[in-house]
Amino acid sequence: SSGNIATAHLNDPDVDDERASLEAAAASTAVAGDGGQRYRGKPLTVKDVLSWRRLQLSRAKLKASSRTSALLSGFAIVAMVELEISSGNSSSTSSSPAAAVPSWLLVLFASSAALLIAVHMLALMISTCLLPNLESVSENDARTIRASPHDKMRFYIETSWIFSTGLGILLFLVVVVLQTWVKFYAVSKTAAIAATAIIAPVVVVFVVFALVFYHQLTLHKFRRAALMVERLQLDLRAFSAAGDDVKMV
């Protein structure tokens, strides 16, 4: 049942470690940041610590998205520009690549490459626009965490992350397969089949990994939520016990 699952998660050693780290961070008057810098001033609450973690995660996602999108979109542009296909005006028209490669294959390759570029350019634009606003958050005062737009812009951050590392990489593998067919269709279909046979299992592994990864991530978030509920229940019991003691006095 869901109650047994929640109880098992609350008794997990990882949850105990998470609870200890949150309590230590909330009780401390300084929390370590990037490069060994520290927040000074008012002590952080558990909510501030969690917000700071989300801010760091958003930064990491946007940085990874910008690097990945710039690299893969550049590859797609180079692949389209450098791919040489004869116009079919030579004397041996029947043996030219343009005459051998079906037009639907060329259309499919061009469409996939254009979609790959569009997806990565969108992810790169989102990362470029949002990342400076997150990097500008001061690390000298814990109160500036609350001024960061990472929570309000969470939808755009997740969109950039999924487009760059999920849909973008999947389209990249598809473009590689189509490029091998366009390049070797008139020369050796065996080479194109071999490339497809190699990349197809990689696509399957990529999809399976994505599903397992997000399943584990969802499970981790459930543990964090269960921990927060447990903390609230303990605080409520403590306040109730204190109120009863006051009434008795």
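The values are calculated or read from the model by the stated rules, or taken from the named source; none is laboratory data. Quick caveat: nothing in here was measured; it's all calculated off a predicted structure. Please note: Cβ atoms are built from the backbone with ideal geometry, for glycine as well, and neighbour counts cover all protein chains shown. What goes into the accessible areas is simple: the full protein's heavy atoms, side chains included, and nothing from ligands, DNA or RNA. Shrake-Rupley method; radii C 1.70, N 1.55, O 1.52, S 1.80 Å.
Within region 142-155, at least one residue is modelled with pLDDT of 80 or more, assigned to a helix (DSSP H, G or I) and loosely packed, with under 12 Cβ neighbours inside 10 Å.
The set of residues in region 36-54 that are surrounded by fewer than 19 Cβ atoms within 10 Å (Cβ to Cβ) and either in contact with a strand residue (DSSP E or B) (Cβ under 9 Å, 6 or more places away or on another chain) or at pLDDT 75 or above (or both) comprises 38, 40, 41, 42, 51, 53, 54.
Checked against (1) in contact (Cβ under 8 Å) with a residue 60 or more places away in the chain; (2) more than 31 Å from the chain's Cα centre (by Cα), residue 224 passes all but a single condition, namely (2). Summed over region 103-125, the residues that are in contact (Cβ under 8 Å) with a residue 40 or more places away in the chain and open to solvent by 20 Å² or more (accessible area, probe 1.4 Å) give a count of 7.
For beta carbons closer than 6 Å, sequence separation of 6+ or different chains, a first residue in region 175-192 that is over 19 Å from residue 76 (Cα atoms) and a second that is open to solvent by 20 Å² or more (accessible area, probe 1.4 Å), the qualifying pairs are 186/97; 186/100; 191/184. Within region 179-210, the set of residues being more than 28 Å from residue 102 (Cβ to Cβ) and modelled with pLDDT under 90 comprises just one member, 210.
Only residues that are open to solvent by less than 90 Å² (accessible area, probe 1.4 Å), within 20 Å of residue 85 (Cβ to Cβ) and part of a helix (DSSP H, G or I) were counted across region 179-236, and they come to 9.
When region 61-97 is limited to residues that are charged (D, E, K, R) and assigned to a helix (DSSP H, G or I), the one that is modelled with the lowest pLDDT turns out to be 82.
Of all residue pairs spaced 6 or more apart or on separate chains, those with beta-carbon atoms under 7 Å, a first member in region 48-60 that is in a helix (DSSP H, G or I) and a second member that is at pLDDT below 80 and among the polar types (S, T, N, Q) are 55/148.
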